[in-house]
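This report refers to the structure that appears directly beneath it.
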Amino acid sequence: MGKIAIDKERCKGCQLCIVSCPKKSIRLSEEFNEKGYHFVIFQEGSECTACTFCGRVCPDMAIEVYK
Ligand code: SF4
Ligand code: SF4
């Protein structure tokens, strides 16, 4: 099992990580960050395999993946 940490202030809400996650474990928050973007969150209770796809696809390096 893996785990991700999302830096919500770096996130622009482009949703590339959402599309890249094979477990569909990331979703857009209804809240805004300080720059006014919807940021993404890990859906509690979802699975993470630490595949690192989300972290690698993020253009803003907003996601760290842990094993
Ligand atoms: S590391 Fe893989 S499984 Fe885990 S949230 Fe990111 S894309 Fe999804
Ligand atoms: S890929 Fe990065 S910037 Fe885009 S929504 Fe995901 S965390 Fe935010």
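Details
- Cysteines in the chain lacking any other cysteine Cβ under 4.7 Å from their own Cβ: Cys11, Cys14, Cys21, Cys48, Cys51, Cys58.
- Between amide H atoms placed 1.01 Å from N, distances below 5 Å from Val40 occur with Gly13, Ser29, all of them 5 or more places distant or on a separate chain.
- Here is how the number arises for the chain: DSSP H runs of 4 or more residues each give -39500 (n - 2.57), the sum is divided by the residue count, and the result at 222 nm is -3000 deg cm²/dmol.
- Largest GNM mean-square fluctuation across Gly45, Gly36, Gly13, computed for the chain with C-alpha springs under 10 Å, falls on Gly45.
- If only the Cβ of Lys and Arg carry +1 and only the Cβ of Asp and Glu carry -1, the dipole of the chain around its Cα centre is close to 260 debye.
- The chain - percent relative contact order, Cα under 8 Å, separation 6 or more: 47
Each value in this text was obtained by applying a stated rule to the coordinates, not by laboratory testing. For clarity, every value in this text was computed on a predicted model and none was experimentally measured. Here the Cβ is made from the backbone with ideal geometry for all residues, glycine too, and neighbour counts use every protein chain on show.
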